[in-house]
Amino acid sequence: MVAYNVRQARELRGWTQEELADRLEPYLGQRLTQAAVSSIERAWDGERRREFDAHELLIFALVFDLPITWFFLPPAGDRRMMRATTRPVDELYARLLGLPHQLSRSSTPGSASTGLLIPPPPKRWWNASPGDRARLAAAATSTGARR
């Protein structure tokens, strides 16, 4: 998932793999080759799967100026099952980002407000393309809920 979204984020920004390598260098302390960036992106559907650690996710979030959770969003239409379960992957992301009833201002009966600082995602969030999700996320963080 992360590898897929690294490529989507790079394309969203209009960067080449070389430009991404340049932007990663200050955070990594060394410059990746174009082939290394390509290998990161191919980890999504290639034979060599790769797991990304928290530090790498933070770097991607900083370089692309996107929230870390953006890199966990499944591609539109992804219906794969989570490993060792019978649950769909998109259920994991719904639990990670919140279900619609959990994100409403009054998720508890009689509650005036949940005190959320982040507005709920739009109802069509899960069907949006990665580019649309980035725009929705940017709009949500720039407008933020007021206390």
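Before moving on, here are some points about what is shown:
- Considering the conditions (1) polar (S, T, N, Q); (2) outside any helix (DSSP H, G or I); (3) crowded, with 17+ Cβ neighbours inside 10 Å, residue 5 is excluded by exactly one of them, (2).
- Selection status of residue 15, surrounded by fewer than 18 Cβ atoms within 10 Å (Cβ to Cβ) and among the aromatic types (Phe, Trp, Tyr): yes
- If the condition is being buried (at least 17 other Cβ atoms within 10 Å of the Cβ) and in contact with a Lys or Arg (Cβ under 8 Å, 6 or more places away or on another chain), then segment 43-59 contributes 43, 44.
- Remark: pairs (first residue in segment 60-73, on the phi > 0 side of the Ramachandran plot; second residue part of a helix (DSSP H, G or I); Cβ separation under 9 Å; 6+ apart in sequence or on different chains) = 65/13; 65/138.
Since every read-out is calculated from the coordinates, none of them should be taken as a lab result. What you see is a predicted model, and the numbers here were worked out from it, not measured in a lab. Virtual Cβ from ideal backbone geometry, glycine too; neighbours counted across all protein chains shown.
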